[in-house]
Amino acid sequence: MTEKISLLALFPDIDPAAQAVEKLRGMGLTDDDMNVISGTPATEAMLGRPHQWSNVPRLALGGALGGFLIGVFFAFGTPYLYPIEVGGQPLIPVPPSVVVLFEMTMLGLLVATFLGVFLDSRFPSYAPKEYVPQISDGKIAVFFECPVEKRKKITDALAALGAESIQPAEAQKL
Amino acid sequence: MTEALEHSPGHELERLRQEHLMLDPRPRGEMNALVMEAMHTTSWKFKMVFALLSVVVAVCLFGVWGYLIAEGMGAAGLTDPVYWGIFLVNTVFWIGISHAGTFVSALLRVFKAEYRRPFTRAAELMTTFGLVQAALSVFMHMGRVWLSYWLFPYPNERGLWPNFHSPLSWDFLAINTYLLASTMYLFLPLIPDLAMARDRSTGWRKTLYRILSLGFRGAEGEWTHLRTAMNIFAFAILPVMFSVHTIVSWDFAAAMRPGWNSTIFGPYFVVGALHSGIAAVAMVLVVVRATMKNMKYFIRPEVFDALGKLMLIVSMGWAYFFFNDYMVQWYGGDSFTDTLLHFHENGPLGWMWFSMLIFNVAVPWLTLWNRRVRRNPWALFGIGLFINIGMWFERYIIIPTSLTINFMPFTWREYVPGVEAPLGIGTLAFFILLYMAASKLVPLVPVWEVQEGQMAHSLRKVGKETIVSVAEME
């Protein structure tokens, strides 16, 4: 089995980082072997990376459905659990029920969206991670794993593209 | 010669850079340092105002509230027929203020209005803190506040659930949904800035930001999930915002009372909320810019210009709904409604009715058409103050003044506030206090959003003119 090493290359801008991603791919690394870390969002198209999958929209829909069902229970179910008949008034009036259904659906959708970010990003996560504080100062980091024997070749190639530093990535307490 | 210089390409570029934050980028590290310095610098004036407000909150809010609880609701000026006084005026007022954050942040995000970028967080903070004051005002009005859990949606020991077909239950659901949603919407775009603050802090601040930033480091997946969620929030929170003040308006409109039973109260209240809220955002930004270090770089006259235009348009919308509501009621011919409308104009609080119209319509219309006025921060602050006083008057006229006149003339009685007045001052002081504390604890400018905007902006030549070009980056 080939021994691998994790490296973190730091670039001053998105352009050289995108070129580095392309270069690494050309040198045999797969997209799963690398990750781009930045202080400002850079789209997949900018970086030449595959589409990032997010479960947040599906979780949001699930939350909306859950909220709607809770709203159905509140508006249509609870009056039957302890019926109080008031002269001339229906036990379940529809227009006021729409208000309850709307609020509960939106609440479910928004809470699920929020929690979706936590689930998909595995937040909170206070374990040590590969990171350098310069990233939030605008540097773009390309974090990748490569076979040890390719290290020299890759390092030279990334340095030629303008990498400010290429160092073994050490997980550190954020 | 001077004219030639003014039209030279270099001069034009410099003018555009000074005018637009998006065209005046600085290195990210430098912008981070500016925001962190603003957070960490605390002047003696800040400390004095903070201490003074703390005393006002302790005395006027918690002290007087304690007195109200000990003495009972008799300490307030509430009585039949005016059973809703300043407590509810303040509730509606603060919910109105809270609308601005969502409106500015979500709607302008949906429409990709670029000038929003430096001040979305300042506006979102207003939403959360405004809702806190609204909720406190409701609790004060409850009297036996320790029984407030009765409103929660669960059955009592007899298995009886709250009545979800009551407007008060709608209020509970709507305000809580909005409070939760706006707090989450405030927090999501804050995570990358908290991570930035974590990287630049030491001691207890480092620990605080480390916990709050949740381990964010800016990996591709983290950004994707965050941006997806923020897009969903931006679209979904808008109907929630509209629903909240509409439901608040139904507390009044669903009642068969003169002056209240109106079909357009929903949109009328929503526009009124935006009127006071946007004016409040402008006021807060003027103060933040004047008192916090480095904020002149981020908050430029272009922001006030844009907000001034919004204030003018919303003022026209408010005038339209006011007149629409007034006209139909006036034309209706109901004698009690007729008496109420005359009471508004000629009664003991007639000055308030006319002041409301002057502050909400005449002042903005006579001033905000002028670009120089809109771009003058302190002029805009003054206009915003007038609008907020005018909108508070509007709520006072709708609630206690209108409650004075009902269908039973033998019960008519004027409202004289009791402990509500200092409690109202207490909520205002508490709002400012929370805002001041937040300005020292969270980055008030979303630096990553500003940088993202600056990356999307460029200048290009069209013929002889240099124009601003914005790229679609999402």
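Bear in mind these aren't lab numbers, they're just calculated from the coordinates by the rules spelled out. Just so it is clear, the structure is predicted and the values come from calculations on it, not from any experiment. No Cβ is skipped: glycine too gets one built from the backbone with ideal geometry, and neighbour counts run over all protein chains shown.
If R0 equals 25 Å, the separation of the Cβ atoms of residue B:466 and residue B:371 corresponds to a calculated FRET efficiency of about 0.75. 3J(HN,Hα) couplings calculated from phi for segment A:66-82 with the Karplus curve 6.51 cos²θ - 1.76 cosθ + 1.60 (θ = phi - 60°) are, in sequence order, x, x, 4, 5, 5, x, 4, 5, 4, 7, 10, x, 4, x, 7, 5, 8 Hz; Gly and Pro show x. Charged side chains reduced to their Cβ positions (Lys and Arg at +1, Asp and Glu at -1) give the protein assembly as shown a dipole of some 1300 debye around its Cα centre. Taking the charge dipole of chain B about its Cα centre, with +1 at Lys and Arg Cβ atoms and -1 at Asp and Glu Cβ atoms, the residue from B:419, B:67, B:284 reaching farthest to the positive side is B:284. Ordering B:225, B:342, B:457, B:275 by the number of other Cβ atoms within 10 Å of each residue's own Cβ, fewest first, gives B:342, B:457, B:225, B:275.
Using every pair of separate Cα atoms, the Kirkwood estimate puts the hydrodynamic radius of segment A:56-121 at 12.8 angstrom. Neighbours of residue B:273, meaning other residues whose beta-carbon lies under 12 angstrom from its beta-carbon, give a summed charge of 0 when Lys and Arg score +1 and Asp and Glu score -1. Centre-to-centre separation between the Cα atoms of segment B:428-469 and those of segment A:71-124: 37 Å. Taking one quarter of the surface of the convex hull spanned by the alpha-carbon atoms of the protein assembly as shown gives a direction-averaged projected area of 36.2 nm². With the convex hull of the Cα atoms taken as the outline of chain B, the averaged projected area works out to 27.4 nm².
Mean per-residue shielding of peptide B:250-263 is 0, counting Cβ atoms of other chains within 10 Å of each Cβ. Over the residues of chain B, the helix contribution to mean residue ellipticity at 222 nm works out to -21500 deg cm²/dmol, using -39500 (n - 2.57) for each DSSP H run of at least 4.
So for chain B, averaging the separation of alpha carbon pairs under 8 Å that are six or more residues apart and normalising by length, what relative contact order in percent results? Worked out over chain B, it gives 30 percent.
Quick check: net charge around residue A:139, other residues with Cβ under 12 Å of its Cβ, Lys/Arg +1 and Asp/Glu -1? That works out to -3.
Under unit Cβ charges (Lys, Arg +1; Asp, Glu -1), what dipole magnitude, rounded to 20 debye, does segment B:1-148 have relative to its Cα centre?
With Lys and Arg at +1 and Asp and Glu at -1, about 460 debye.
With q set to 0.10, 0.17, 0.20 Å⁻¹, the log10 of I(q)/I(0) for chain A, from the Debye formula over equal scatterers at the Cα positions, is -0.57, -1.04, -1.25.
Note on chain B: with charges restricted to the Cβ of Lys and Arg (+1) and Asp and Glu (-1), its dipole about the Cα centre is near 1400 debye.
A dipole drawn for chain B from +1 and -1 charges on Cβ atoms has a positive end, and of B:314, B:147, B:385 the residue lying farthest that way is B:385.
Do any chymotrypsin sites (Phe, Trp or Tyr not before Pro) in segment B:366-474 lie in a loop, going by DSSP, with at most 14 other beta-carbon atoms within 10 Å of their beta carbon, and if so which? Qualifying residues, ordered by number: B:369, B:407, B:412.
For chain B, the longest principal axis of the alpha carbon atoms and the long axis of helix B:335-346 meet at an angle near 60°. Here the Gaussian network model covers chain A, with springs between Cα atoms less than 10 Å apart; of A:88, A:62, A:28, A:88 fluctuates the most. Note: relative contact order over segment A:56-121, using C-alpha pairs below 8 Å and six or more positions apart, is 59 percent.
As I understand it, the value is the acute angle between the Cα axis of helix B:167-187 and the longest principal axis of the Cα atoms of chain B; what does it come to in degrees, rounded to 10? Relative to chain B, helix B:167-187 is tipped by roughly 10 degrees.
Given axes a ≥ b ≥ c from the Cα gyration tensor, I'd like to know whether segment B:359-423 is rounded (a/c under 1.5), prolate (a/b larger than b/c) or oblate. Cα axes put segment B:359-423 in the oblate bin. Within the shell of other residues whose beta carbon sits under 13 angstrom from the beta carbon of residue B:178, the net charge comes to -3, with Lys and Arg scored +1 and Asp and Glu -1. Counting only DSSP H runs of at least 4 residues, each contributing -39500 (n - 2.57), and dividing by the residue count of chain A, the helix-based mean residue ellipticity at 222 nm comes to -14000 deg cm²/dmol.
Calculated FRET efficiency, residue A:149 to residue A:172, Cβ-Cβ distance, R0 = 41 Å: about 0.95 to the nearest 0.05. Its alpha carbons give segment B:271-428 an Rg and a Dmax of 18.3, 62 Å. Under the rule a/c < 1.5 gives rounded, and otherwise a/b versus b/c splits prolate from oblate, where does segment B:18-114 land using the Cα gyration tensor? Judged from the Cα gyration tensor, segment B:18-114 comes out oblate (a/c at least 1.5, b/c at or above a/b).
Think of the protein assembly as shown as a dipole: +1 on every Lys or Arg Cβ, -1 on every Asp or Glu Cβ, centred on the Cα centre; then among B:348, B:225, B:32, B:32 lies furthest on the positive end.
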